[in-house]
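Okay, so here's the structure we're looking at.
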Amino acid sequence: MQKTKRRLLTGNKAIAEAIRQEMERDPSVFVMGEDVGVYGGIFGATEGLFQQFGPERVMDTPISETAFIGAAIGAAAEGMRPIVELMFVDFFGVCMDQIYNHMAKIPYMSGGRVKLPIVLMTAVGGGYSDAAQHSQTLYATFAHLPGMKVVAPSTPYDLKGMMISAIRDDNPVVFMFHKTLQGLGWMDQLDASVGHVPEEAYTVPIGKAKVVREGTDITIVGIQMTTHHALEAAKKLEQHGVQAEVIDLRSLVPLDRETILQSIKKTHRLLVVDEDYLSYGMTAEIAAIAAEEGLYDLDAPVRRLAVPDVPIPYSRPLEQFVLPNADKIFHEAMKLVNE
């Protein structure tokens with residue numbers, strides 16, 4: 001019997017396909033942001049949409065994040081389903097009033113009478129010497145603020161499925177894609193940026209983590225690039241007799257506590273890896289969950305690996321020094337299993 005050929009897409013093409021299919025299905029869906037039209041987004045997330053849907057549904061905007069995010073919020077309040085791109089997550093400071101005092105709070109302050117089905121799509125991540133103002137992830141900054149769902153898919157399959165879920169959700173969703181996982185020709189090429197993506201529309205649930213590698217000796221929790229680094233480290237750990245279980249969070253809000261707790265019941269050790277800053281971040285939140293709800297399942301203290309509390313350096317050697325990678329995860333995991 002002939003095998004079915006797997007259909008492979010890069011991360012950016014998976015996102016663009018999800019948006020295209022939802023625009024074809026629902027005329028209330030539209031896109032706006034800087035360079036999302038003719039250019040297709042600087043990270044390719046809206047590639048080809050302008051040519052198909054035209055300037056009324058794929059709108060290039062001036063460089064005024066406050067204005068176009070505010071416009072998207074107004075459109076959502078009137079029943080549209082906007083997808084608005086904040087080009088770099090680092091730019092959130094100029095428009096945080098619109099994001100947090102309006103987008104996140106209007107549904108609550110209206111007693112649920114005003115729905116804001118808006119997707120705020122933004123690029124995150126470092127690793128390519130773009131310096132302190134264009135290289136952050138800021139996962140915890142958004143996850144800390146109630147009123148928004150926050151997702152950060154790690155594979156082309158999940159990028160498409162979670163984008164469709166985000167567009168169909170009646171709540172504001174912050175959709176973070178990692179630049180390195182977009183599969184763009186002008187960036188470092190990773191095998192992880194290309195993956196099987198079905199042609200038909202499908203959804204991946206928001207708020208559900210995924211065990212991407214099963215193991216018995218240690219649980220490693222990651223998100224986006226740190227998930228892929230963890231999988232690479234797990235191969236090396238196996239050569240040293242250590243079977244690591246790797247969890248891809250996929251969503252920060254809602255956070256899948258149960259999958260994490262079930263894993264540490266099995267492995268009794270937990271390492272959390274994040275490309276965000278160490279203090280007050282995702283690693284601390286998950287460590288707290290383990291301490292509050294799974295302390296007696298742990299045979300050793302939780303270990304955390306994240307970016308030190310410094311701006312992301314421009315210098316490539318310095319940037320690589322502060323970012324987590326597979327070797328750092330391997331060494332932290334070996335310390336933990338030997339405690």
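Of all residues in the stretch 262-271, those that are surrounded by 23 or more Cβ atoms within 10 Å (Cβ to Cβ) and either at pLDDT below 95 or out of contact with any Ser or Thr (no Cβ under 8 Å at 6 or more places or on another chain) (or both) total 0.
Conditions (1) surrounded by fewer than 17 Cβ atoms within 10 Å (Cβ to Cβ); (2) small (Gly, Ala, Ser), marked per residue:
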site	(1), (2)
ARG7	yes, no
ASN12	no, no
GLU17	no, no
GLN21	no, no
ASP26	yes, no
PHE30	no, no
VAL38	yes, no
GLY44	no, yes
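Having 2 or more residues that are β-branched (Val, Ile, Thr) and assigned by the TED database to the domain that holds MET162 is the bar; report the helices (runs of 4 or more DSSP H) wholly within the stretch 11-125 that clear it. Reasoning before the result, please.
Details: elements: 11-25, 49-53, 65-77, 106-109.
Passing ranges, in order: 11-25, 65-77.
Scan GLY111, GLY93 and give me the residue that is within 20 Å of GLY33 (Cβ to Cβ) and open to solvent by 40 Å² or more (accessible area, probe 1.4 Å). On inspection, the qualifying residue turns out to be GLY93. Per the listing PRO301, PRO324, the residue uniquely under 18 Å from the mean Cα position of the chain (by Cα) and outside any strand (DSSP E or B) is PRO324.
Looking for something in contact (Cβ under 8 Å) with a residue 12 or more places away in the chain and on the phi > 0 side of the Ramachandran plot - is there at least one such residue anywhere in the stretch 181-188?
Taking the stretch 181-188 and keeping what is in contact (Cβ under 8 Å) with a residue 12 or more places away in the chain, we get 181-184, 187-188.
Subsequent filtering for residues that are on the phi > 0 side of the Ramachandran plot retains 183.
So far as the stretch 181-188 goes, yes, one or more of its residues are in contact (Cβ under 8 Å) with a residue 12 or more places away in the chain and on the phi > 0 side of the Ramachandran plot.
Restricting ASP299, ASP256, ASP248, ASP274 to those that are surrounded by 23 or more Cβ atoms within 10 Å (Cβ to Cβ), more than 22 Å from ASP90 (Cα to Cα) and acidic (Asp, Glu) reduces the list to ASP248.
Every listed requirement among (1) farther than 16 Å from VAL89 by Cα; (2) open to solvent by 40 Å² or more (accessible area, probe 1.4 Å) is met by GLN133 save one, (1).
If the condition is being more than 27 Å from GLN136 (Cα to Cα), open to solvent by 70 Å² or more (accessible area, probe 1.4 Å), assigned by the TED database to the domain that holds ILE247 and in contact with a helix residue (DSSP H, G or I) (Cβ under 7 Å, 6 or more places away or on another chain), then the stretch 189-235 contributes only THR216.
Among residues belonging to the stretch 236-245 that are among the charged types (D, E, K, R) and out of contact with any Ser or Thr (no Cβ under 7 Å at 6 or more places or on another chain), point out the one that is least open to solvent (accessible area, probe 1.4 Å). My answer is LYS236.
Going through the stretch 302-319 one residue at a time, which ones are out of contact with any strand residue (DSSP E or B) (no Cβ under 9 Å at 6 or more places or on another chain), surrounded by fewer than 18 Cβ atoms within 10 Å (Cβ to Cβ) and touching a residue at least 24 places away in the same chain (Cβ under 8 Å)?
Of the stretch 302-319, the ones out of contact with any strand residue (DSSP E or B) (no Cβ under 9 Å at 6 or more places or on another chain) are 311-319.
Add one more test, that the residue is surrounded by fewer than 18 Cβ atoms within 10 Å (Cβ to Cβ), and what stays is 311, 314-318.
Residues satisfying the conditions are PRO311, TYR314, SER315, ARG316.
Please go through the stretch 309-330 and pick out each residue that is in contact with a helix residue (DSSP H, G or I) (Cβ under 7 Å, 6 or more places away or on another chain) and within 30 Å of GLU238 (Cβ to Cβ). Result: PRO324, ASN325, ALA326, ILE329, PHE330. Any residue that is closer than 16 Å to ALA326 by Cβ and in contact with a Pro (Cβ under 7 Å, 6 or more places away or on another chain) - is there at least one of those in the stretch 220-241? Within the stretch 220-241 (the criterion being closer than 16 Å to ALA326 by Cβ and in contact with a Pro (Cβ under 7 Å, 6 or more places away or on another chain)), the answer is yes, since at least one residue qualifies.
The values are calculated or read from the model by the stated rules, or taken from the named source; none is laboratory data. If you're wondering where the values come from, they're calculated on a predicted model, not measured in any experiment. Cβ coordinates were reconstructed from backbone atoms using ideal geometry, including for glycine residues, and neighbour counts include every protein chain displayed. With ligands, DNA and RNA removed, areas are computed over all heavy atoms of the protein, side chains included. Shrake-Rupley method; radii C 1.70, N 1.55, O 1.52, S 1.80 Å.
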